Amino acid sequence: MKKDIILGGVGGQGIISIAATIGLTALNMGMKIKQSEVHGMSQRGGDVMSNLRLSDGEIYSDLIPEGKADMIIALEPMEALRYLPMLSKEGWIISNSTPFKNIACYPDENTILNELKKQPNCIIIDADNIAKEIGSVQMANMVVLGAAATHLGLPYEELEKAIRQMFGKKGDAVIDQNIKALKAGFDAASK
């Protein structure tokens, strides 16, 4: 198996937690990973992008070539659109529909969503609203990861296992909340 994933969002949305969960899942399964991150003033709401490469074979570079990503996972729609040139023709876009309006001239959100929907393999969910419904808007990243799990090629149970490992020191309540968010995203994308 080989999977090249672009993760995009805004500082503070949880892109790094998604990358860590997927990476730990892959490592637990005996796969190799390479990751590269770009933080654009992330502490001030700047864009954050991560290249995440998984393979059961050798990986020679941590950067994904343009047009070769198997998936874009975005925590806000403009970031999904920003990295669209990275996506392969068969690739999947998994995005939150809720914009993070951190700039005065944020483009029209309907225009952005319509552009994303032109792609043949696109799942857009209202992760913020789903996260609110389960108790914490801060779980939107795990909701998006759950939606992505439908096409990641990694067993869902292994993602749950990685969440338990990552958040184990924070207690059962945090683990349960993250797993609940993962499941809610998975269920929303499976519809």
Segment 139-162 - residue that is in a helix (DSSP H, G or I) and over 14 Å from the mean Cα position of the chain (by Cα) and, of those, surrounded by the fewest Cβ atoms within 10 Å (Cβ to Cβ):
E157
Please verify whether segment 103-119 includes one or more residues that are in a loop (DSSP other than H, G, I, E, B), among the aromatic types (F, W, Y) and either farther than 17 Å from L84 by Cβ or open to solvent by 20 Å² or more (accessible area, probe 1.4 Å) (or both).
yes
Segment 164-179 - residue that is open to solvent by less than 80 Å² (accessible area, probe 1.4 Å) and farther than 16 Å from G135 by Cβ and, of those, modelled with the highest pLDDT:
M166
Can you tell me which residue in segment 158-188 is nearest to L145 (Cα to Cα), limited to those that are of a type in the set (D, E, K, R) and in contact (Cβ under 8 Å) with a residue 24 or more places away in the chain?
K183
Out of (1) closer than 17 Å to V48 by Cα; (2) touching a helix residue (DSSP H, G or I) at 6+ places or on another chain (Cβ under 9 Å); (3) open to solvent by 70 Å² or more (accessible area, probe 1.4 Å), what's the single condition that is false for R82?
(2)
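The values are calculated or read from the model by the stated rules, or taken from the named source; none is laboratory data. Please read all numbers here as calculations on a predicted model, not as lab measurements. Reconstructed Cβ throughout: ideal geometry from the backbone, glycine too, with neighbour counts over all protein chains shown. Ligands, DNA and RNA are stripped out before the accessible areas are found, and what is left, the full protein with its side chains, is counted by its heavy atoms. Shrake-Rupley method; radii C 1.70, N 1.55, O 1.52, S 1.80 Å.
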